[in-house]
Amino acid sequence: MKKAFLILLVIVCAGVAAWNAYLLFTDQTDPPTGWVIFAVSVGVLLWNISVLRAYRVRARTAVVVALVVLLLAGTVGAFAGVEPLAEIKNTLTAKVEALVRGVADPETKAEPEALEIVRAVITAYNEGRADRLANLTTSGAYSTLTSFWSDHWQIGLGKIVDYNLTIIHSDVPNRVHFVRVQGGIKDIGWPVVYPYDATYVVRVEGGNWLVTEINLRSP
């Protein structure tokens, strides 16, 4: 117990000396008082180290006590608003909260990719880019968008406009997402916009995100 107290005293003296040195060199304390406290803390520190040598304190004991004291001091300082400890605490807290949110709601992890691929498909469709669509969709989804006999307008004859995207279901382990597209589809031959409501199935195939299925909802 006495050895632990001596080790604690060494840590406290070292901390006081370091803190006073910082205050002195940054002109945040009265020089005469600061130098007196600094000299006393250094003197006690040197004396305490000599006493510890006489007791033959093992390095393992000193390290354990030092780590415990530093951890407690750092925690108290962080919650007391001492910089930079408080900033480190806030950064770690934000990262932990983000990690917890990701674990609690894993379906949000792949949303950016799923939404991005659907936007790319709609853009290619509106621009009449069949070559681009072929790289973004499977053959089934491609036929839905380009076939004259499908429920869609044939590519180049209509445009999907004023649409909103919503992920209505995600199967994260299998990397499958169901994106609802709600908006309008405009026939380029007539100044009219018809309601458009469809579900795009997005999944990873061959290492690439693709739209694999498009299902129109009944009006």
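Brief remarks on what is shown
- Translational diffusion of segment 163-214, estimated by Stokes-Einstein from the Kirkwood radius over alpha carbon pairs at 4 °C in a medium of 1.567 mPa s, is 105 µm² per second.
- With 10 Å bins from 0: P(r) over segment 130-219, alpha-carbon pairs, percent: 17, 48, 30, 6, 0
- Karplus (6.51, -1.76, 1.60) ³J(HN,Hα), θ = phi - 60°, over segment 121-134, in Hz, Gly and Pro reported as x: 5, 5, 4, 5, 4, 5, 8, x, 8, 5, 5, 5, 4, 5
Taken together, the values in this text are just the output of simple stated rules run on the coordinates, not laboratory data. Just so it is clear, the structure is predicted and the values come from calculations on it, not from any experiment.
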